[in-house]
Structures are given as structure tokens and as C-alpha cells.
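The values are calculated or read from the model by the stated rules, or taken from the named source; none is laboratory data. Bear in mind the structure is a predicted one, so any value in this text is a computation, not a measurement. With ideal geometry, Cβ positions are generated from the backbone for all residues, glycine too; neighbour counts draw on all protein chains shown. The protein model used for the area step is the full one, side chains on, heavy atoms only, and it has no ligands, DNA or RNA in it. Shrake-Rupley method; radii C 1.70, N 1.55, O 1.52, S 1.80 Å.
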Amino acid sequence: MKITDRFSKGEFVVTAEVGPPKGFHVDELVSEAKEYLSDIAAVNVTDNQSSVMRLSSLGFCKALKDAGLNPIFQLTCRDRNRMALESDLLAAALFGIDNVLCLTGDHTKLGDHPGAKPVFDLDSVSLLHTVCELEKGRDLGGNELVGEPPVFAKGAVVSPCSDSVDAQLAKMERKIMAGAEFFQTQAVFDPERFISFMERAKQFNVPVQVGVIIPKNVGMVRYMSQNVAGIVVPDSVIDELKADKEKTKAGITGVEIAARIIRECRPYCQGVHIMALGWEAKVPEILKLAGI
Amino acid sequence: MLVTKLKDKDTVASLICGKAFIINCHGCKEVGFPERDAAEFQRELESDGKVSGILTMDYICNPENIALNLSLRKDEIDEADCVLVFSCGVGVQTVSSLLEDKRVYAACDTYAVPGGQGVTPLEFDCRQCGECYLNLTGGICPLTACSKGLVNGQCGGAKDGRCEVDPDMECGWERIQRRLAMVGRLDVLRSPVQIRNYDNEVNAAE
């Protein structure tokens, strides 16, 4: 089901994401996703996330689809040229996968194959444009597709807490011009920063899902704040995690923080995207605490 | 080695709002510069009253040399709303870096040709892509200033304005954004989607 249908109904749309394994045994991950993520609108499947080679996003999307979930096919431009991207999009259509999230992708140097060729033949903007071209029944080379063209809900990402917020907004606008119909954001730990970003982004009138990572412990959030682009963790969150080590160990504090971020951001956006990073089992509890 | 070819004349002429100060580089003319076509185009612009001055010299990629010459022609440059550079991408970027508050445009596309490599011991690099992007990016090359060579804007990988690949490198699109704001051309960020044509890049300068 196209996730855009949910936005048009005015729903507060909840999605989460799962990372495919480094291998092809997916039974456990699929049954976990079925157990904890069946009630939400859709589940993103990451595409060699952080440039670490894993089972393909498309393959795992198919496994989730077969299990009755609604996958969002994340597609990056790092590993494929325009022809490979187009043919994977057609394969997604074949499998009935109709949500696609278009990303540029991390550089190969950051991952576990640093010597690999970084492709970047297209980027997030031109990939969105490419999806639109396929929907019109032609490929990027201008050749006609055979039969009914595919239809996708086309998503993109934006980094609201980036220190380059002007450049991010300019890129967001460009993505919308190229066909983006909804946005998921980089993880937000500081609702105020997100809210002031949304003050500027709401002019575009395109649904935005606030990105939320469940903070597992102090070390994790410190690392992200220092090293991950677009992630800023306020000291108050770090202090909160420090304060109660026992609770933090069980993940309760992290769950409470995630739920609070959702509650505070909810009036300013159209949904939430939860990046559980292995803590998928905690998603239902977070949503309950957040009042969703 | 490289060859420069004139961009579409109408497109280039449309970049000039009032007058342009023109710079020609003949440093690599032994390799291939469209001297006659450029001169003819410049005469047309002059007869339309669109030229404040013309500077023709060798190796404008030598910063000291070009900086001196630019200072000698300051009045004509001030009179112009933009500087139009007929050179390879390195030359345009060198001029652009020296005239930060001025709109600096490329009048040529630069193509690679096989054989010896030109000597440009500089911080600027030209990929010789055959479809110069400098007019859309404030005179900063997105192919060489961005680790991913992105032509449609910044990725999400910049941290504190630094590139995710090399923290010693400032994010190229951060620089482009700042420069475009400085010269009042943020409108070009709303240009149509750019898609590279790799057919231009590989020995396509016949």
C-alpha cells in the first residue's frame, strides 16, 4: 500500500526500519518484524546502510512483503548506475513494492569495503526524477517501457538538525521539485531544533515524518553526537541517560526519551519514523507511551 | 591535455545583466581554445554594449599573475555585473576565488583529450567533464569540491561544515551555498534536475 494514501487521509503516519543481515537467513528478522511492526504503516528496509555490505534492500523488502508487511524500499545511488537503479525499481514494481525512499547514500570510504568504487552516477534528486520518468512510461534514456508503467509513493530524507540548514532546505525544495511526496528526517534529539526547522519547511506543504532513534546508552548518543552528520544530542538527554544506569540498561530511559520526542514534535509534523537499530521489540511500547 | 569549446552563445549572453568583464586565457592554446569563435562572440557582445573590458593573457590559473592583472583592471571589473571567463575550469575557479563578491561565469566547457596531462599545481581541479557546471554553482566545481561529485545539492553527510569522507575538507556544497548567497544567485539552486552526461567525459572532444 502506498504510504502517501495514509498522509492524504490525515493520519499521523508511523514507520520503522530494519536492516537486512550480512547473510541470507532472514527468518528471525522477519518474524520479529511481524511481531512488533505489523501494526504500523510501513517498514523501511535499508540499502547497505553506512556503506556496510548486506543482503539487498530489494530482497529483504520482498521477504517482508511476503510476510504481509508493507515495505519501503530504500534505494541509494552509491552502488548502482542509472541502469541498475531503473531495473531494480522495475523489479520492485514486479513484487508489488510501491514505496521507495530515494537517497544519495554514504560514501564507500565510510564502510566495510573502502576500496569499492563509489558510483553516484545519479543522486537523490535525479533518482526521484528517474522514478517519475518510469511512472510516465519511459526510462532515462528516453525509451518507452512495455506495458502499464509502475507507480510509487516517492520519499526522500532531510536533515533538520544539520548545521547546514540552509543548504538542507535548498536540497529539500529541489527534491520536491523532482517528485518527492514525503520526507523522513535524520534522527532528532532536540525537538526545539526540529520545530524551528519545520517552521521553515512547512511552506513546502509536503508531509514530514520526524526521525527518532531510541537512545540505548550514554556511549551511543555521545558517539552519534560527535560523529554522525546531522545528529545533535543535547546535554540534558545525556544527563538523563547517565542518571539512572539500571533503568538505562533495561532500555526504559531510552524508551521514555523517544516517546517524549515524538510527543513534542507531533503537532509540527505528519508522522514519525523510528530507527530502532535492533530494538524493534520496543517500538510498540514507545508508541503507547507517546500516545499513538 | 584538454580542449575548450564555447558554450551555447545565447545561454552565456543571458547571464549578463548589464556589462561583462571578459577574460580570455590563451595559456593552453596549443591544446585547443576556440580563439576565433570566442573573438567573434565577444565582438557581438561589444556591439551590444555588453562589455566593460577584455583581458587576454596566458595561464590565468597562476593566481599571482591573474591577481595582479585583475587589480590593474579594477575599474572595468567594478563597472561590470559579472566576469565572463573563456578558459578551462581551473581558470574560471581561480578567477572566481579572487573575485568572491562578483558573479563569475564560465563561457566554455572543458573536455579531456588523451595524452599528456596539463600542469596545474593548484588547489582547484577541473574534471574536464565537457558540461561545465560552474555557472550553476557560484564558480565552485561540484565535481571536484564534493567527494561524491554531486550536481544537485548537498548530501546529508556534512558535519560542522566538513565532508563525511575527509574532515579536513570543507563541504563543497556548503561553500557553493555561501557563495551563491554572496553574489545573490540562490535562484540557481532551483534549476532543473541535473544529470551528468558521461558521454562527454571520455575522450569525447573530437
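Among the candidates B:Asp166, B:Asp160, single out the residue that is facing chain A (nearest Cβ under 7 Å) and acidic (Asp, Glu). Within the list B:Asp166, B:Asp160, the selection yields B:Asp160. Residues that are open to solvent by 50 Å² or more (accessible area, probe 1.4 Å) and under 19 Å from A:Ile3 (Cα atoms) were ranked within region A:92-113; the one that is farthest from the other protein chains (Cβ to nearest Cβ) is A:Phe95. Of everything listed in (1) surrounded by fewer than 18 Cβ atoms within 10 Å (Cβ to Cβ); (2) within 9 Å of chain B (Cβ to nearest Cβ); (3) touching a Ser or Thr at 6+ places or on another chain (Cβ under 7 Å), the single unmet condition for A:Ala116 is (2).
Every residue, every condition in (1) open to solvent by less than 30 Å² (accessible area, probe 1.4 Å); (2) within 20 Å of B:Thr4 (Cβ to Cβ); (3) of a type in the set (Gly, Ala, Ser); (4) in a strand (DSSP E or B), yes or no:
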| position | (1), (2), (3), (4) |
| --- | --- |
| B:Asp37 | no, yes, no, no |
| B:Leu68 | no, no, no, no |
| B:Val83 | yes, yes, no, yes |
| B:Val90 | yes, yes, no, no |
| B:Gln93 | yes, yes, no, no |
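B:Leu150 falls short on exactly one of the conditions (1) without any contact (Cβ under 8 Å) to a residue 40 or more places away in the chain; (2) out of contact with any Cys (no Cβ under 8 Å at 6 or more places or on another chain); (3) open to solvent by less than 30 Å² (accessible area, probe 1.4 Å); (4) under 26 Å from B:His26 (Cβ atoms), and that condition is (4).
Any residue at all in region B:98-109 that is part of a loop (DSSP other than H, G, I, E, B), away from chain A (no Cβ under 14 Å) and either under 30 Å from A:Ala156 (Cβ atoms) or open to solvent by 50 Å² or more (accessible area, probe 1.4 Å) (or both)? Yes, because at least one residue in region B:98-109 is part of a loop (DSSP other than H, G, I, E, B), away from chain A (no Cβ under 14 Å) and either under 30 Å from A:Ala156 (Cβ atoms) or open to solvent by 50 Å² or more (accessible area, probe 1.4 Å) (or both). In this entry, A:Gly147 passes the filter for residues that are open to solvent by 40 Å² or more (accessible area, probe 1.4 Å), of a type outside the set (Asp, Glu), without any contact (Cβ under 8 Å) to a residue 24 or more places away in the chain and at positive phi. Counting only residues that are open to solvent by less than 50 Å² (accessible area, probe 1.4 Å) and of a type in the set (A, V, I, L, M), region B:170-194 holds 6 of them.
Just one of (1) within 22 Å of A:Leu134 (Cβ to Cβ); (2) among the basic types (Lys, Arg); (3) out of contact with any strand residue (DSSP E or B) (no Cβ under 6 Å at 6 or more places or on another chain) fails for A:Arg54. It is (1).
The single condition from (1) open to solvent by 40 Å² or more (accessible area, probe 1.4 Å); (2) over 20 Å from B:Ile176 (Cα atoms); (3) touching a residue at least 40 places away in the same chain (Cβ under 8 Å) that B:Lys74 fails is (3).
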